[in-house]
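Engineer: Please find one structure pasted underneath; my questions will follow.
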Amino acid sequence: MWGMGSPKAGQKAVKKERVFDPHETACAEALAGTPLASFWQRAAAFVIDFIIVLAVYVPFEMALQYLVMSYTHHPVHIAVNFRLHDLEDLIWLVGYAGFLVWWTNGFTVGKRLLGIRVVSVVKTKITLWQAVERALGYGASALEGGFGFLQFFLHRNRCCVHDRIAETIVIKEPRREKKPARRSTQPATQNPMQPAAQVATPPSARPSNEPASKH
């Protein structure tokens, strides 16, 4: 009939319609009661990661400036500065922290050594964009004299500015307990290369080679 659409077309329209997904709430509820990393654990991990970034950045920047000045015939004057609010320098930290957090699902070298981990409160696994967004948030936390880092003490779940931007928290990674080695209940097998142990027989059980005395 005219004016009546196909029922299949209506079903397709319903399937394409986006509906509310409470998955994000379920991820946050699954983390309830998880111990959070302390400020000093996070600070120590950040210092370790920052030193690693500088150990790569400084030699690269010095070599680059030397090559540029030598090629342009300018007097060689090398000055290396690393500031989180500079985009060029922030890219290094984003490349290190963002990629590692995504690749390892929450770890950097510093966080691994301190036994802490970044987890998402909206996803079961940290996405690449979420990891990059969190690393970019370091620049926002460094503004105003680093007040974004100090918001750790003000937030209920110990979140800095970059944590809230990426919707992440930092937790203490539970230690894996080593399982005790199971003792084998089977008798030890003898090495075929070793001679068999000789069992001493009592004198009464030995066969007598002497002839019986005649009476």
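Engineer: Could you grab me the full set of residues in the range 62-107 that are among the polar types (S, T, N, Q) and part of a helix (DSSP H, G or I)?
Structural biologist: Q65, S70, T104 - these are the residues of the range 62-107 that are among the polar types (S, T, N, Q) and part of a helix (DSSP H, G or I).
Engineer: Taking A79, is it out of contact with any strand residue (DSSP E or B) (no Cβ under 6 Å at 6 or more places or on another chain), among the small types (G, A, S) and under 19 Å from A44 (Cα atoms)?
Structural biologist: no
Engineer: How many residues are loosely packed, with under 14 Cβ neighbours inside 10 Å and part of a helix (DSSP H, G or I) when one looks only at the range 23-38?
Structural biologist: Number of matching residues: 6.
Engineer: V94 versus (1) surrounded by 14 or more Cβ atoms within 10 Å (Cβ to Cβ); (2) within 25 Å of F153 (Cβ to Cβ): which is the lone unmet condition?
Structural biologist: With respect to (1) surrounded by 14 or more Cβ atoms within 10 Å (Cβ to Cβ); (2) within 25 Å of F153 (Cβ to Cβ), V94 is out only on (2).
Engineer: Filter the range 101-118 for residues that are among the aliphatic types (A, V, I, L, M) and surrounded by fewer than 21 Cβ atoms within 10 Å (Cβ to Cβ); which is farthest from R175 (Cα to Cα)?
Structural biologist: Applying the filter and picking the extreme gives V109.
Engineer: I would also like to ask the following. If I filter the range 171-180 for residues that are β-branched (V, I, T), at pLDDT 85 or above and assigned to a helix (DSSP H, G or I), do I get at least one hit?
Structural biologist: no
Engineer: Let me ask you something else. Which of the residues belonging to the range 106-140 are closer than 16 Å to A45 by Cα and not hydrophobic (A, V, I, L, M, F, W, C)?
Structural biologist: G106, T108, G110, K111, R112, G115, R117, R134, Y138
Engineer: Could you tell me whether G110 is over 15 Å from the mean Cα position of the chain (by Cα) and outside any strand (DSSP E or B)?
Structural biologist: No.
The values are calculated or read from the model by the stated rules, or taken from the named source; none is laboratory data. If you're wondering where the values come from, they're calculated on a predicted model, not measured in any experiment. Heads up, the Cβs are rebuilt from the backbone with ideal geometry, glycines too, and the neighbour counts pull from every protein chain shown.
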